[in-house]
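I have placed the structure first, in the form of structure tokens, so that the comments after it can refer back to it.
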Amino acid sequence: MKEMLHYREIPGKSAGYYAVLAILGVLIALGLGAAYYMEHQGHHVTGMNNQIVWGMPHVFAVFLIVAASGALNVASISSVFNKKLYKPLAPLSGLVAIALLVGGLCILVLDLGRPDRLIVAMTYYNFKSIFAWNIFLYTGFIAIVAVYLWMMLERRFNKFSKPVGFFAFIWRLILTTGTGSIFGFLVARQAYDAAILAPVFIVMSFSFGLAVFNILLIGIYSGTRRPLGDAVVERLRKLQGVFIAAVLFFVTIFHLTSLYATERHGVMKFILDGGNVYTGLFWLGFVLIGSIIPLVFCLLNGFKNSARWLVTASVTVIAGGMAQMYVIIIGGQAYPLDMFPGYEVSSSFFDGDIGSYTPSIYEVGLGAGGFAFAIAIVLAGVKILRFLPLSLANSLVDPHYHSEERSEENETAAGEQARA
Amino acid sequence: MLSKAIQFIAHRPAFPAAIIITACVISVSALAGAPKPDIPKGKGDRCVEDTDYMRKNHMELLLHQRDETMYRGIRTKKHSLKECIDCHAVNDNTGQPVSHLDSKHFCVQCHEYASVKIDCFDCHASKPRAQQAGQRL
Amino acid sequence: MSEQKNQIDEYRRSFLGKGAALAGLATLAPGVILHTVARAKPADEAITGKVRWGFLIDANKCAENCDACVRACDEENGITKFGRPETDAQWIRKVTLRNKQTNHTINLPMMCQHCAHPPCVDVCPTGASFKRADGIVLVDKHICIGCRYCMMACPYKARSFIHETVTDQNPDVPRGKGTVESCTLCVHRVDRGETPACAEACAKTVEGPAILFGDLNDPNSEISKRLASEPSTAVRADFRLDPGVRYQGI
């Protein structure tokens, strides 16, 4: 008998499902409350100031936006690069991409000095501003991925999913280039002002986006007790490993280039060997926890076929990614502008000083709220629409996959999924 | 089409404002019991435009003047917010002009009545500078 | 009809203003600052690109403990402080430079440099950051959404974000929470034909005028003559932003 992939909504009736949604709801409410408080009081209640103008909300927002475009990769691999194994994962990939982007944008908008003027941001444009392009890139991304999802989910339109998917893939590359260029085009700041920041952001998006996708996929399949075969897990694990290595490579090149220019020794020493919070976050957070440890989980055979280790690796990638964002965004601002080269500068406006920044609970609250919102969108989405196959057992996703003594187990699991 | 419409509205905050005012006026007058605002008289015999015209179009004039001043440095006094504030200042019991935090403020009286929220005074001074030192001619 | 009458009033007023200014010029000793007053444009006349306003700042004349320019700016523009130096706005600040090799120190005021190619204008998503025809870089607070990208882009740390509610503003200088601001070159005074407050205050100090205000496009202005005959530089001239503020003695 020929098995078929059946996409079905998750039942979403269990106590566990509602408990997760309730926790997310609380986080969202706290985030909104924090945003309201910050807007009402003014930004002086945050850790941000005239030296560090972008803080924790931007760390969360940029992470989510970068991860959003990366989350679409799974769909791109299926549509653009014709990898069959990824096809059943593609709809979820699109949903996660939209959800992460929406979450990130909510944070960004609620952190504005005047969020009530969102309509102004949507109607007045300065096309020389990368920010203005990004408004189009972000809204365009949501629209294109929505159409892409439609093409994938509506059987009659399946034939269009390839060209639309290709378009979405190009668009997401431009989007991440735009996000990286927000920093890359800042001539005045030594920590940025590098064209390589755009590709750095693109590879970071591959890695961070896939990590979020892995956790959601495995989480939902284990929560609903739908079968998830080794074939998928193993492929995602290897892919995650490659992406982590790529990020590490690009970040190394970025720092090496900067280290070569004497002018930048100061800022590089500050980040890499400054004995400050940024140095710690870079080496311990990004390099050790966010790269080396997950690389071990993703590439060594000892951790093969294990969804649990893949989730662990993904969690460390996300933690490391957040650390790296913190270093890039806040560390880059903390290092003083070199306004008078060759001089030691001082003033009442903190010229020449290392900027001080302590994230406030409100900023973290807003960021966590946005993150929670993104996850809530995904969990609600998979309950409302048929994003996920009933089973991702090996025999379904890859008939040629040789899994030892597993197929029987999968069949029994398939029978059980109705319980969830 | 939609973006055109949004742009139309965004460039003319007065447009939605007018609709809202109209809606509010209709709904408020439907209540019949709502007390009419006690609009204080400004200095001088008459306003820079007819009162009826001002009631409906003051926001248009202010918006136009705002961009003229902001971008072109045109600082004629006729339609300038600063002059409105000077002329329509309302004093409290001590003879000091009240700010927009007081319901007796000229702008606030009507805007509260019509339930139209304005954010002009988030940035602009809502009372004349008069009593402060260093006043210029 | 009433519009016409009002315009006549306007001209009358500006004529009287100019008359008073001329009378002032005649009675006062010809000061360093007042010569610009004679050029006051009528209030209904738009600014043009024929002029470009700028400062020439002589660091040699800027005394270490003098903050006359800062105080004048704060008062003129109603820059209230909340006792939180990290978030309080500063439009102009005194900066001390120490040469790392020679220990030689220099004092100078820093403010918005009113670049001809301002990065803040380039990056502003809504176009709220803009450059007036006469070279003054401003923020249109009506369309500023408070994203702070301009603050990231400015090489001179010239901008401040308003971190808390402002009250009792100067009617000429609207400013409020949630938007970004910086030195306006006292645009409200310049439009009246006056000199920016900092330059006026500096001229009254004993050390003499370290801040000279004038039209960089007018070859006969004092600022242009001095720029033509004396050495000067721009801060981070290597960025080629062509700032309207030039320095001597650095």
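The values are calculated or read from the model by the stated rules, or taken from the named source; none is laboratory data. Owing to the predicted nature of the structure, the values given are computational and were not obtained by experimental measurement. Using ideal geometry, Cβ is built from the backbone for each residue, glycine included, and neighbour counts are taken over all protein chains shown.
Return the residues of the range B:35-52 that are part of a helix (DSSP H, G or I) and either within 13 Å of the chain's Cα centre (by Cα) or at pLDDT 95 or above (or both); say none if nothing qualifies. Full working, then the answer.
Kept after step one, since they are part of a helix (DSSP H, G or I), are these residues of the range B:35-52: B:51-52.
Across the range B:35-52, the qualifying residue is only B:51.
Check B:11, B:58 and return the single one that is at pLDDT 60 or above and under 13 Å from the mean Cα position of the chain (by Cα). First the steps, then the outcome.
Numbers: B:11 fails: under 13 Å from the mean Cα position of the chain (by Cα).
Exactly one residue qualifies, and that residue is B:58.
How about the range A:331-341: which of its residues are more than 12 Å from every other protein chain (Cβ to nearest Cβ) and touching a Gly at 6+ places or on another chain (Cβ under 7 Å)?
Here is the first cut: in the range A:331-341, the ones more than 12 Å from every other protein chain (Cβ to nearest Cβ) are A:331, A:334-335.
Residue satisfying the conditions is A:334 alone.
Tell me, which residue of the range C:87-104 that is within 7 Å of chain A (Cβ to nearest Cβ) and in contact (Cβ under 8 Å) with a residue 40 or more places away in the chain is surrounded by the most Cβ atoms within 10 Å (Cβ to Cβ)?
Let us first name the residues in the range C:87-104 that are within 7 Å of chain A (Cβ to nearest Cβ), namely C:87, C:90, C:93-100.
Adding the requirement that they be in contact (Cβ under 8 Å) with a residue 40 or more places away in the chain leaves C:87, C:90, C:97.
Values: C:87: 21, C:90: 25, C:97: 22.
Filtering first and then ranking leaves C:90.
Answer with yes or no whether residue A:65 is over 24 Å from residue A:110 (Cβ atoms), buried (at least 17 other Cβ atoms within 10 Å of the Cβ) and touching a residue at least 60 places away in the same chain (Cβ under 8 Å).
Working: over 24 Å from residue A:110 (Cβ atoms): no; buried (at least 17 other Cβ atoms within 10 Å of the Cβ): yes; touching a residue at least 60 places away in the same chain (Cβ under 8 Å): yes.
It is false that residue A:65 is over 24 Å from residue A:110 (Cβ atoms), buried (at least 17 other Cβ atoms within 10 Å of the Cβ) and touching a residue at least 60 places away in the same chain (Cβ under 8 Å).
Quick one: residue A:44 ticks every box in (1) out of contact with any Ser or Thr (no Cβ under 7 Å at 6 or more places or on another chain); (2) closer than 30 Å to residue A:348 by Cβ; (3) assigned to a helix (DSSP H, G or I); (4) not polar (S, T, N, Q) except a single one, so which number is it?
With (1) out of contact with any Ser or Thr (no Cβ under 7 Å at 6 or more places or on another chain); (2) closer than 30 Å to residue A:348 by Cβ; (3) assigned to a helix (DSSP H, G or I); (4) not polar (S, T, N, Q) applied to residue A:44, the lone miss is (1).
Output the number of the condition that residue C:84 fails; it satisfies all remaining conditions of (1) under 21 Å from residue C:248 (Cβ atoms); (2) surrounded by fewer than 23 Cβ atoms within 10 Å (Cβ to Cβ).
The single condition residue C:84 does not satisfy is (1).
Looking only at the range C:24-70, count how many residues are at pLDDT 50 or above, part of a helix (DSSP H, G or I) and farther than 21 Å from residue B:72 by Cβ. Explain how you work it out, then say what you get.
The initial filter retains those residues of the range C:24-70 that are at pLDDT 50 or above, namely C:39-70.
Now narrow it down to the ones that are part of a helix (DSSP H, G or I): C:39, C:59-61, C:68-70.
Now drop any that are not farther than 21 Å from residue B:72 by Cβ, which leaves C:59-61, C:68-70.
Qualifying residue count, the range C:24-70: 6.
Wholly within the range A:94-211, which helices (runs of 4 or more DSSP H) include no fewer than the required count, namely at least 1 residues that are in contact with a Ser or Thr (Cβ under 8 Å, 6 or more places away or on another chain), over 22 Å from residue A:363 (Cβ atoms) and at the interface with chain C (Cβ under 9 Å from one of its Cβ atoms)?
Details: elements: A:118-123, A:130-153, A:161-184.
Ranges flagged: A:118-123, A:130-153.
Mind listing just one residue for me: the one in the range A:343-402 that is surrounded by fewer than 17 Cβ atoms within 10 Å (Cβ to Cβ) and either within 14 Å of chain C (Cβ to nearest Cβ) or under 30 Å from residue C:106 (Cα atoms) (or both) and, of those, nearest to the chain's Cα centre (by Cα)?
If we take residues in the range A:343-402 being surrounded by fewer than 17 Cβ atoms within 10 Å (Cβ to Cβ) and either within 14 Å of chain C (Cβ to nearest Cβ) or under 30 Å from residue C:106 (Cα atoms) (or both), then A:358 is nearest to the chain's Cα centre (by Cα).
Table: residues versus (1) over 23 Å from residue A:194 (Cβ atoms); (2) hydroxyl-bearing (Ser, Thr, Tyr).
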| site | (1), (2) |
| --- | --- |
| A:284 | yes, no |
| A:293 | yes, no |
| A:326 | no, yes |
| A:330 | no, no |
| A:365 | yes, no |
| A:370 | yes, no |
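Go through the range C:144-180 and give me each residue that's outside any loop (DSSP other than H, G, I, E, B) and more than 11 Å from chain A (Cβ to nearest Cβ). Walk me through it before giving the result.
Residues of the range C:144-180 outside any loop (DSSP other than H, G, I, E, B): C:149-153, C:160-161, C:170, C:173, C:180.
Within the range C:144-180, C:170, C:173 meet the criteria.
Based on this model, can you work out whether residue A:218 counts as buried (at least 16 other Cβ atoms within 10 Å of the Cβ) and part of a helix (DSSP H, G or I)?
Numbers: buried (at least 16 other Cβ atoms within 10 Å of the Cβ): yes; part of a helix (DSSP H, G or I): yes.
The answer is yes for residue A:218.
Residue under question is residue C:208, and the condition is that it be surrounded by 20 or more Cβ atoms within 10 Å (Cβ to Cβ) and either out of contact with any Ser or Thr (no Cβ under 7 Å at 6 or more places or on another chain) or not hydroxyl-bearing (Ser, Thr, Tyr) (or both); does it hold? Outline the logic, then answer.
Working: surrounded by 20 or more Cβ atoms within 10 Å (Cβ to Cβ): no; either out of contact with any Ser or Thr (no Cβ under 7 Å at 6 or more places or on another chain) or not hydroxyl-bearing (Ser, Thr, Tyr) (or both): yes.
No; evaluated as a whole, the condition is false for this residue.
Have a look at A:309, A:283 and point out the one that is more than 22 Å from residue A:237 (Cβ to Cβ) and assigned to a helix (DSSP H, G or I).
Values: A:309 fails: more than 22 Å from residue A:237 (Cβ to Cβ).
Step by step, each of A:309, A:283 is checked, and only A:283 is more than 22 Å from residue A:237 (Cβ to Cβ) and assigned to a helix (DSSP H, G or I).
Has the range B:62-72 got any residue that is farther than 30 Å from residue C:134 by Cβ and either modelled with pLDDT of 90 or more or touching a strand residue (DSSP E or B) at 6+ places or on another chain (Cβ under 9 Å) (or both)? Quick ask: steps written out before the conclusion?
Quick first cut of the range B:62-72, residues farther than 30 Å from residue C:134 by Cβ only: none.
No, the range B:62-72 contains no residue that is farther than 30 Å from residue C:134 by Cβ and either modelled with pLDDT of 90 or more or touching a strand residue (DSSP E or B) at 6+ places or on another chain (Cβ under 9 Å) (or both).
Suppose the filter is of a type outside the set (Phe, Trp, Tyr), touching a strand residue (DSSP E or B) at 6+ places or on another chain (Cβ under 8 Å) and assigned to a helix (DSSP H, G or I); does residue A:91 pass it? Lay out the reasoning, then the answer.
Values: of a type outside the set (Phe, Trp, Tyr): yes; touching a strand residue (DSSP E or B) at 6+ places or on another chain (Cβ under 8 Å): yes; assigned to a helix (DSSP H, G or I): yes.
Judged against the criteria, residue A:91 is a match.
Among the listed residues A:37, A:18, which satisfies the condition of being assigned to a helix (DSSP H, G or I) and away from every other protein chain (no Cβ under 14 Å)?
Residue meeting the stated conditions: A:18.
Taking the range C:181-208 as the region of interest, how many residues are part of a loop (DSSP other than H, G, I, E, B) and within 14 Å of chain A (Cβ to nearest Cβ)? Explain how you work it out, then say what you get.
Within the range C:181-208, the subset part of a loop (DSSP other than H, G, I, E, B) is C:182-186, C:191-196, C:204-208.
So of that shortlist, the ones also within 14 Å of chain A (Cβ to nearest Cβ) come out as C:182-183.
So the count comes out to 2.
In the range C:105-119, which residues are closer than 22 Å to residue A:135 by Cβ and facing chain A (nearest Cβ under 9 Å)? If you could, list the steps in order and put the result at the bottom.
Step one: list which residues in the range C:105-119 are closer than 22 Å to residue A:135 by Cβ, which gives C:118-119.
Correct list: C:119 only.
Mind listing whichever residues of the range C:120-143 are within 7 Å of chain A (Cβ to nearest Cβ) and either in contact (Cβ under 8 Å) with a residue 24 or more places away in the chain or not in a loop (DSSP other than H, G, I, E, B) (or both)? Spell out how you get there, then give the answer.
Taking the range C:120-143 as the starting set, the residues that turn out to be within 7 Å of chain A (Cβ to nearest Cβ) are C:122-127, C:143.
Listed by number, the residues that qualify are C:122, C:123, C:124, C:125.
Which of the residues spanning the range A:294-306 are more than 18 Å from residue A:206 (Cβ to Cβ) and either at pLDDT 95 or above or among the basic types (Lys, Arg) (or both)? Step through it out loud before you land on a result.
So in the range A:294-306, the residues more than 18 Å from residue A:206 (Cβ to Cβ) come out as A:296, A:300-306.
Those that are more than 18 Å from residue A:206 (Cβ to Cβ) and either at pLDDT 95 or above or among the basic types (Lys, Arg) (or both): A:296, A:304.
Which condition from (1) polar (S, T, N, Q); (2) touching a residue at least 24 places away in the same chain (Cβ under 8 Å); (3) over 24 Å from residue A:205 (Cα atoms) is the one that residue A:316 breaks?
Residue A:316 satisfies every listed condition except (3).
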